[in-house]
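Comments concern the structure below.
The values are calculated or read from the model by the stated rules, or taken from the named source; none is laboratory data. Predicted model, so just to flag it, every value in this text is computed and none were measured. So basically every Cβ, Gly included, is an ideal-geometry build from the backbone, and we count neighbours across all protein chains shown. SASA here: full protein model, heavy atoms, side chains in, ligands and nucleic acids out. Shrake-Rupley method; radii C 1.70, N 1.55, O 1.52, S 1.80 Å.
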Amino acid sequence: MLLAPNAVVTPQPASLLSATQCSVTRAAAGSLELDRVLIALSQHARTRPGQQRCLSQELAPTVSEARARYAVVSEALACDNARRPPLCHTLDLDESISIARGGMSLPVPALVEVAEALESLSSLAGWGQGAASAQPPSPLMAELATASSPPERLVAVLVGAFEEDTDGTVRLSSAAWPQLKRRREAAASADGRLRSQIGELTRRSDVSPVMRDGRLVIATSPAEMRSVGSEVARSRSGSTVFVEPYELVELSAATRAAHAAVATAETRIISALSALVAAHSDAVADAIAMAAELDAAVARALLGEAWGGLVPEVGSQGVVRLCRARHPVLLLEAKEPSAVVANDVRLAATQTLLDGEGGVDGGGGSQGLLITGANGGGKSAIIKNVGLAALLSRLAVPLPCERAVDGEPPRFDFFSAVIADVSDTQAKATPIPPPPTHLHTHPPPHPPTSTHLHPNPHPCHPPCQSLHEGASSFAAHMRTCTRALAVADAARADGTHALFLLDEPGASTDPVQGGAIARAVVEAALDAGALLMVSTHSNALKAYGLQEGRLDVAAMVLSADGAPTFRMQYGAVGESRALEAAAREGLPRAVRDRAAELLPVGDATVDAQREEMEVLLCALDGQRRELALEREAAAAAQAAAEAAAAEAKQAARTAARSLGASLNWVDARR
């Protein structure tokens, strides 16, 4: 089906993660809400196969493959909509190809769809021939577009093989099939003679024949039947006989024979066309696959544009460097993107920090980041954002972040495993509504049987309580940690890096023992070379974070009145503020007051220091925001000054050329 200029096919928000899927992990992909991003990505695809490719993308298996995929996306980002590949057909030919391969004839509408798809593929291939030399050049997109060229023999036969009939229906073209044209002309001539005879009969007898059982008949009595014509049918009572008038019998037979000859020719041609489609079905499928790959690459660029994303650098040294990163799912839900709070994240593998891996900048981060602060302050959202960015960088989707003040691009290195022990209670909070411009022309695609999220078999299961398996929540968390440490050891043995996302490790059990276990797990993960993002309320883990050189600590900032700002401040440790969070969630005042009474009496000095830390943290966050605004203003002023200088230089060059021309004219007049 042909598409309107801004229309796309739309999927339904179905579950996209199958039970057969294993590491990166199904648990990680589910809790990080990757399926919601894939749905949003598919809504930017313009073809059905491209949409399916978006929904079932495999993660890049290597650093070089991730870079290669991003290279295509970068080309798409460099082009405006007018210079992007023309994809004007859904290319939904799976059913037609299957029917043709089965030896059956395709109906004319299906053949028309095939012809229109082939024409669209030819147009795409033609675009590819000129894209490599266009400005800016797009050699990678051009290569994919050129590879989508359909079989020339099939295009030559099918394109132009159909025409619109007088009643608006589409039929085989008379111009393309001379024999069919002659038979149609013979049938039309027979129709004309028959109509003329019917008119004569009507004028003579004032009776108009009607069609019954495929014959033109008039109604008469049994007594007059033999004098009028041949009996075709009788009424139920037998008092009326429907006869074919003698003067119409021969003409009717000739007309039926002429139309039968047309139908025979059409059936023969349709059968031949269907066989031709079957013969070239593999080549057509290959061309559609190339077009789908290109469509998916452009869709990734469009999604990146929609949320203001950038293509990150991708290395193999275990570096994460994100400036003002925003959560993709929150951006998809937000009415105003500016309402989504941005945060910086910096991580770097220990070996990178020690020797620079050949001069590679570790980005100023440590091997792990321990995030503290109030309940509901945004700790889990930041952890999920980083985990989702790890997957999106393997899918070559631009990350929603910004360049650093010095112009440095974002960086998210290749991680061979991503393990997320993160609560997924918000995973199904709000479905993503489809844009209003979408064209609902097809049923939703079937969920893929596997999204192939990871090429290496290191499965981890969701950290949830299972009555069937007899596992408590704590046991499920411990199983995840056990498997995660095994993955880290395997990654280190392979010379790659693993990324762990641990949301409140050691919870769901005795706080003292849980804190000790959490510290031991973090220590083991750091020793195994994994990069860590950890959130915690454990004072023991906070104290460890302050003394462990491989960990940075950060706190979620609260406003002066104690409300969460969702901004993260490096170098600080925050309090949990559980009572304030309970109040925001509507816990009755009496219950909160009783909870405050039950709290153990703490050291007044320590409590005062904590309150002072919160005040300083809030003030520091305000100063940081002011400095950021000043840097942005300075950068804007510098850009304006550079633009003005460039304009002045251009004006000076223009004036010099004009003066030179004037002097030449004066010299010539002398």
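Results, tabulated for the structure shown:
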| item | result |
| --- | --- |
| Computed magnitude of the charge dipole of the stretch 478-547 (debye, nearest 20; Cβ of K, R +1, Cβ of D, E -1) | 20 debye |
| Euclidean distance between Cα centres, the stretch 146-178 to the stretch 58-122, Å | 20 Å |
| Set of lysines near K542 by C-alpha distance (under 21 Å), chain-local residues within fewer than 8 positions excluded | K379, K384 |
| Accessible area in square angstrom per residue, the stretch 114-179, 1.4 angstrom probe | 49 Å² |
| Label-to-label distance, nm, for residues given as S196 and E597 (7 Å Cα→Cβ offset) | 11.1 nm |
| Accessible surface of the stretch 64-204, 1.4 Å probe, proportion on carbon and sulfur as whole % | 52 percent |
| Of all accessible heavy-atom area on the stretch 284-344, the percent that carbon and sulfur account for (1.4 Å) | 52 percent |
| Charge context of A525, other residues only, Cβ under 13 angstrom, K/R +1, D/E -1 | -1 |
| For the stretch 241-344, accessible area per residue (1.4 Å probe, heavy atoms of protein chains only), Å² | 39 Å² |
| Net charge, T255 excluded, C-beta distance under 12 Å - Lys, Arg +1, Asp, Glu -1 | +2 |
| D213/R101 FRET efficiency (R0 45 Å; Cβ-Cβ; nearest 0.05) | 0.70 |
